[in-house]
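> Structure in structure tokens, see below.
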Amino acid sequence: MYISVDGFGGDNAPNEICEGVALALKEKSGFNVYLVGDENKLAPIVANLDCDKSRIEIVHAPQVITMDDHPATAMREKPDSSMAVAFDLVKEGKATAVLTAGNSGALLSGGIFKIKRIKGVVRPALAPFMPCFGIPGKSRTLILDAGANADCKPEYLLQFAFMASEYLRVVFGIKNPSIGLINIGTEETKGNELCKRVYEMLKDSDLNFVGNVEARDIASCKADILVTDGFTGNVVIKFMEGMAQTLLSEMKAAFMSSTVSKIGAALAKNQIMQLKNKVDYEELGAGILLGVSGGVFKCHGSSGRRSIKNGLLQAVKFSQDDVIGVIKENMKEIG
């Protein structure tokens, strides 16, 4: 089994991408990696990696899709880019999944037009994890759509919920994932027409729908899956990320402000590190583009090696458990 990795996607490529690949290879056996990018730059880095380098195959791709490239045309205008070639490996059946920290818009384009949608899926959805708090042993919630579809119809969100439920059930072993609908109130009659219609559809489905979730409860582990349109989801995920970074920065400043606070920080070091790890996006790994006929995983643009490692291991588990096959087999249930 091969996973294709975009060696030049993201702010910290290619060094951190390569180091992340090495960490994943050391942690888990049973898969190999196509590392895609400029061979002249990747080869010396790979030569110095601390892992079984026979499991890495460099695939030459001299071009790079940057964050400034237009997402709708980048794949077409740069067919020899590391991201385009990484997607082609999945399209051609040589790899089961692709991982990149590059341009999100280009990733969506590649997923839809290169790998193609699963038959019956109206729109794919971007589904990252975000940290949540309040229930012991539960540390993250899957949110979708996080930006693939700014404008949605009710049937899109129903399919999002179905695909996310299968993903968590098969890959993460959650037997009956709970699903919440992001809304402006918990009452059934609250929200715009989209939310009202989706509420009825989810309530009438066989999914484990637990009702509306207000913004103040998003981080409180109210549901395993939070469903919303891509515009709202993108705002939520970026707000949560920014708030986490701001709070950690403010906490650090507060703890360093006096001798007494420094002593307090030293005494609470373990608890502080646990909190830091819980809100660290690198620990959450990669978001997945659900609804396309191959594994498409997206790490944060500024990801380091830990994020790449975690995202790569997600892609491996996804491939081993044949989530695509499960979704295809059961798609007829929701039309």
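> Of all alpha-carbon pairs in the chain, indicate the percentage at a distance above 36 angstrom.
Pairs farther apart than 36 Å: 21 percent.
> Determine the relative contact order of the chain: mean sequence separation of Cα pairs under 8 Å and six or more apart, normalised by residue count, in whole percent.
23
> To continue, here is another question. Aspartates and glutamates within cross-link reach of Lys28: Cα-Cα under 20 Å, excluding same-chain residues under 8 positions apart?
In chain and number order, the partners are Asp6, Glu16, Glu19, Asp50, Asp52, Glu57, Glu282, Glu283, Asp321, Asp322.
> How large is the helix-only mean residue ellipticity at 222 nm for the chain, computed as the sum of -39500 (n - 2.57) over DSSP H runs with n ≥ 4, divided by its residue count, in deg cm²/dmol to the nearest 500?
Helix-only estimate at 222 nm: -13500 deg cm²/dmol.
> May I ask you to give the percent of accessible area on the chain that is carbon plus sulfur, with a probe radius of 1.4 Å?
The value for the chain is 51 percent carbon and sulfur by accessible area.
> Filter the trypsin sites (Lys or Arg not before Pro) in segment 147-203 to those in DSSP coil with at most 10 other Cβ atoms within 10 Å of their Cβ, and list the result.
Passing sites in segment 147-203 are Lys175.
> Further question on the same structure: In the structure displayed, which of Lys53/Lys328; Lys238/Lys262; Lys196/Lys222 lie more than 29 Å apart, Cα to Cα?
Those over the limit are Lys53/Lys328; Lys238/Lys262.
> Where both residues lie in the chain, what percent of DSSP beta bridges are antiparallel, nearest 5?
Around 25 percent of the beta bridges assigned by DSSP in the chain are antiparallel ones.
> Could you list which residues have their amide H under 5 Å from that of Arg140, counting only those 5 or more apart in sequence or on another chain, with H placed in the peptide plane?
Residues meeting the amide H criterion: Cys132.
> Out of residues 5 or more away from Thr228 or on other chains, whose amide H comes under 5 Å of its own, with H placed 1.01 Å from N in the peptide plane?
Counting only residues 5 or more places away or on other chains, the set is Leu144, Asp145.
> To continue, here is another question. So which DSSP H runs in the chain come out at 27 Å plus along the axis (Cα) with average Kyte-Doolittle of at least -1.0?
Helices meeting the span and hydropathy rule in the chain are 230-255.
> At a 10 angstrom cut-off on C-beta neighbours, averaged per residue, how do the peptides 49-56, 293-300, 127-134 rank from highest to lowest?
293-300, 127-134, 49-56
> A further question on this structure: Can you give me the long-range amide H partners of Val213? Hydrogens built in the peptide plane at 1.01 Å from N, cutoff under 5 Å, separation of 5 or more residues or another chain.
Excluding prolines and chain starts, which carry no amide H, the hits are Leu181, Ile182, Asn183.
The values are calculated or read from the model by the stated rules, or taken from the named source; none is laboratory data. The structure displayed is predicted, hence computed values, not measured ones. Virtual Cβ from ideal backbone geometry, glycine too; neighbours counted across all protein chains shown. Ligands, DNA and RNA are stripped out before the accessible areas are found, and what is left, the full protein with its side chains, is counted by its heavy atoms. Shrake-Rupley method; radii C 1.70, N 1.55, O 1.52, S 1.80 Å.
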